[in-house]
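The values are calculated or read from the model by the stated rules, or taken from the named source; none is laboratory data. On a predicted model such as this, the values are computed, not experimentally measured, just so you know. Reconstructed Cβ throughout: ideal geometry from the backbone, glycine too, with neighbour counts over all protein chains shown. Just so you know, the surface numbers come from the protein's heavy atoms only, side chains and all, with ligands and any DNA or RNA stripped out. Shrake-Rupley method; radii C 1.70, N 1.55, O 1.52, S 1.80 Å.
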Amino acid sequence: MAGRGIEDVRVVVSPYRICPLGAHIDHQGGTVSAMTINKGILLGFVPSGDTQVILRSGQFKGEARFRVDEVQCPRKNANDASEIEIDEDCDWGSYARGALYALQSRQNSLVQGIIGYIIGPEGMDSSGLSSSAAVGVAYLMALETANNLAVSPEENIEYDRLIENEFWGLRNGILDQSAILLSSYGCLLCMNCKTKEHKLIHPPKLGENHETEWQQAYKILLAFSGLKHNLTVNPGYNRRVAECQEAAAVLLHASGDGAAEPLLSNVEPEAYQTHKHILEPNLAKRAEHYFSENMRVSKGFKAWASGRFEDFGTLISESGLSSIQNYECGSEPLIQLRQILLRAPGVFGARFSGAGFRGCCVALVDTDHAAEAATFVREEYKKVQPELASLLNPDTAVMICEAGDSARVI
């Protein structure tokens, strides 16, 4: 594309993430867990030598072209994430424009464009593994590298938040980009989304070869549903965020703290227990998910640090059930897929990744049973959803993954 030698090419590695515990509480300032996997986005690039940006994709057709001196404007704000319809075949380059928008919004001076080629793993886009955040981070890091901008991971978390919240009009939190930018190989990221403080929970040192021993203890199973679009008739993502805030406002007012920002993290657990009976049914469910999920996260960090992966898996399953019953997300195929995973040999725990309206389920599985579990899930899913299963590539319908590292430029 650029007519340059291989030695001039830099590559951004931007991994996908899983959120074992802490689902749907980041936007309320909750504490979440996350880790990256050894699958994700690769963006090869060279500085263009002028202000031109030229991009091609391994997955989508066409070529994206714009200039870094063009002022980027936010897309139409949507009241609901499901209202944002992106024709990825035609509009995939908008993520790069979003990255430019974020950098411009903080008065960064960009004079150098990039010539780049971006690609992700087959079948893993729209999977609930934060592929959009991984793409946004990749473009940010490429543009920053080309323009010699020294940007910390924490700053890039904020920039990617601007892409999601301001450029696209989504009301999600900072979990995805935090996991992608702050993770470390084999560790569990603990992120307080209210204070932005984070720490890494290391697995225990089991012996002299502890780095390989814990890796041999578990694998990460990704089981894909075949759903690429939101088929639910339930209100979407932004509606649930609003319901959480409404629940917080009611609880804060009842506890005499009505002036506080309406986030459930501003509600003391004691105040929740005292006043939860006044919440309307929907709001009560959202609040119950938030407070119970925070407790699961706390227990999960202790289990991970102790190497109790089976206990950690049990908490993942409980989190998945609360997401279905209290947060009321998930579609029938994803719920069925989760149930199949829980029956599979060697699986410690399972939940769907993301909101569960499309994409995949994630499970923690005993390494010795990973291949057997993958075969079991593939065959059982065909029985309950033959049409969706037929859309999947049998080789990638269920994937066995390992823990990953943070985003980086190589």
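Looking only at the range 10-49, count every residue that is of a type outside the set (Gly, Ala, Ser), touching a strand residue (DSSP E or B) at 6+ places or on another chain (Cβ under 8 Å) and in a loop (DSSP other than H, G, I, E, B) and tell me the total. Can you show your working first?
From the range 10-49, those of a type outside the set (Gly, Ala, Ser) are 10-13, 15-21, 24-28, 31-32, 35-39, 41-43, 45-47; that's our starting set.
Remaining after also requiring touching a strand residue (DSSP E or B) at 6+ places or on another chain (Cβ under 8 Å): 10-13, 15-21, 25-26, 31-32, 35-39, 41-43, 45-47.
Retained after the next criterion (residues that are in a loop (DSSP other than H, G, I, E, B)): 19-21, 25.
Residues in the range 10-49 being of a type outside the set (Gly, Ala, Ser), touching a strand residue (DSSP E or B) at 6+ places or on another chain (Cβ under 8 Å) and in a loop (DSSP other than H, G, I, E, B): 4 in total.
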Among the residues of the range 311-323, are any in contact (Cβ under 8 Å) with a residue 12 or more places away in the chain, within 21 Å of Arg171 (Cα to Cα) and open to solvent by 50 Å² or more (accessible area, probe 1.4 Å)? no
Result of the Cβ filter at 9 Å on the range 344-369, keeping first residues that are without any contact (Cβ under 8 Å) to a residue 24 or more places away in the chain and partners that are surrounded by fewer than 24 Cβ atoms within 10 Å (Cβ to Cβ), at least 6 apart or interchain, is Asp368/Gln216; Asp368/Gly346
Count - residues of the range 217-240 that are at pLDDT 95 or above and either among the aromatic types (Phe, Trp, Tyr) or not in a strand (DSSP E or B) (or both): 0
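Among the listed residues Gln72, Gln59, which satisfies the condition of being of a type outside the set (Gly, Ala, Ser), closer than 16 Å to Gly136 by Cβ, in a loop (DSSP other than H, G, I, E, B) and at pLDDT below 90? If you could, list the steps in order and put the result at the bottom.
Details: Gln72 fails: at pLDDT below 90.
Going through Gln72, Gln59 in turn, the sole match is Gln59.
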Residues of the range 106-133 satisfying the condition of being outside any loop (DSSP other than H, G, I, E, B), modelled with pLDDT of 95 or more and open to solvent by less than 40 Å² (accessible area, probe 1.4 Å): Ile114, Ile115, Gly116, Ile118
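Going through the range 1-20 one residue at a time, which ones are of a type in the set (A, V, I, L, M, F, W, C) and modelled with pLDDT of 95 or more? Before the answer, list the steps.
Within the range 1-20, the subset of a type in the set (A, V, I, L, M, F, W, C) is 1-2, 6, 9, 11-13, 18-19.
Val9, Val11, Val12, Val13 - these are the residues of the range 1-20 that are of a type in the set (A, V, I, L, M, F, W, C) and modelled with pLDDT of 95 or more.
Right, Ser406: of a type outside the set (D, E, K, R), part of a helix (DSSP H, G or I) and surrounded by fewer than 24 Cβ atoms within 10 Å (Cβ to Cβ) or not? Write out each step before concluding.
Numbers: of a type outside the set (D, E, K, R): yes; part of a helix (DSSP H, G or I): no; surrounded by fewer than 24 Cβ atoms within 10 Å (Cβ to Cβ): yes.
No; evaluated as a whole, the condition is false for this residue.
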Residue match in the range 337-350 (condition: at pLDDT below 95, out of contact with any His (no Cβ under 9 Å at 6 or more places or on another chain) and open to solvent by 10 Å² or more (accessible area, probe 1.4 Å)): no
Within the group Glu293, Glu288, Glu243, which residue is open to solvent by 50 Å² or more (accessible area, probe 1.4 Å) and either more than 30 Å from Pro203 (Cα to Cα) or not in a loop (DSSP other than H, G, I, E, B) (or both)? Glu288
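Could you tell me which residue of the range 296-305 is nearest to Cys193 (Cα to Cα), considering only residues that are touching a residue at least 12 places away in the same chain (Cβ under 8 Å) and open to solvent by 30 Å² or more (accessible area, probe 1.4 Å)? Steps first, answer last, please.
Going through the range 296-305, the residues touching a residue at least 12 places away in the same chain (Cβ under 8 Å) turn out to be 296-301, 303-305.
Filter again for open to solvent by 30 Å² or more (accessible area, probe 1.4 Å), leaving 298-299, 305.
Values: Ser298: 14, Lys299: 18, Ala305: 21 Å.
By that ranking, first place goes to Ser298.
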Need pairs with beta-carbon distance below 8 Å; first residue touching a residue at least 24 places away in the same chain (Cβ under 8 Å) and on the phi < 0 side of the Ramachandran plot and within the range 269-294, second open to solvent by 40 Å² or more (accessible area, probe 1.4 Å) and of a type in the set (Ser, Thr, Tyr); sequence gap 6+ or separate chains. His275/Ser255
If you go through Ala138, Ala142, the only one that is in contact with a Gly (Cβ under 7 Å, 6 or more places away or on another chain) and assigned to a helix (DSSP H, G or I) is Ala142
